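Heads up, the thing below is written out as structure tokens.
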Amino acid sequence: MDPSSLNSAELQRLISQEKERAMVNEMVAKLTSACWDKCITGTPGSKFSSSESSCLSNCAQRYMDMSIIIMKRFQSMQ
Amino acid sequence: MDSNCHFPHLSSGNKFSTEEFIGQLKRQLAQAYAEKFLETVRGKCFEKCITKPGSSLGRGESSCIWRCVERYIEATGIIVLRNSLREFLMAV
């Protein structure tokens, strides 16, 4: 890549890559926050109990399942 | 992005490199992410560990905060690893 020139298509591709990365980070942040609230009910320990860590793992996956259902529901309404 | 973000600064005149631009963009995004992460951790750990604010931070409170930060980072790892977020985003 020639560092001194502006390639519009290349720039767009790179920007869109960063945008996607930012969206994933945003999703992770939201999910972690929501699942922490649901799963870590007591005072944080020096490690997660097995129920806490499986709750966190399940939480994220159930959220994904839910998102897909919501999407399908909206699509079926159109 | 909020109004505190500004466009990456162009180094000289009309010519700028794609590399430079993307580099600045990445840095700004990383910084915004780190700030947001810290804000979230502060909120969660304050809630969990400082139940009755005293005249100073107790040893129990300090160690709770320490563990809380570690656990929150670990929770973030669990969310990322155990889930194919990328695939999900593609499918949407």
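Every read-out reported here was derived from the displayed coordinates using simple, explicitly stated rules and does not represent laboratory data. Remember, it's a predicted structure, so these values are computed and weren't measured experimentally. No Cβ is skipped: glycine too gets one built from the backbone with ideal geometry, and neighbour counts run over all protein chains shown.
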Subject >> Calculated from backbone phi, Karplus (6.51, -1.76, 1.60) coupling profile of region B:21-38 in Hz, x at Gly/Pro >> reply: 4, 5, x, 5, 4, 4, 4, 5, 5, 4, 5, 4, 5, 4, 4, 5, 4, 4
Original post:
By the gyration tensor of its Cα atoms, with a ≥ b ≥ c the square roots of the eigenvalues, what is the shape of chain A: rounded for a/c under 1.5, prolate for a/b over b/c, or oblate?
Top reply: oblate
Original post:
Taking every residue in A:23-30, how many Cβ atoms of other protein chains lie within 10 Å of its Cβ, on average?
Top reply: 5
Original post:
Taking the Cα atoms of region B:11-66 alone, what are Rg (to one decimal) and Dmax (as a whole number) in Å?
Top reply: 19.8, 57
**OP:** Pop out the ³J(HN,Hα) list for region A:46-51 in order, Karplus 6.51 cos²θ - 1.76 cosθ + 1.60 with θ = phi - 60°, rounded to Hz; leave Gly and Pro as x.
**Re:** 7, 7, 6, 6, 5, 6
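Work out the mean other chain Cβ neighbour count within 10 Å for the residues of A:38-50 and drop it here as an integer. Let's see the in-between values first.
Values: counts 0, 2, 6, 1, 1, 8, 16, 5, 5, 4, 4, 0, 0.
The shielding value for this peptide is 4.
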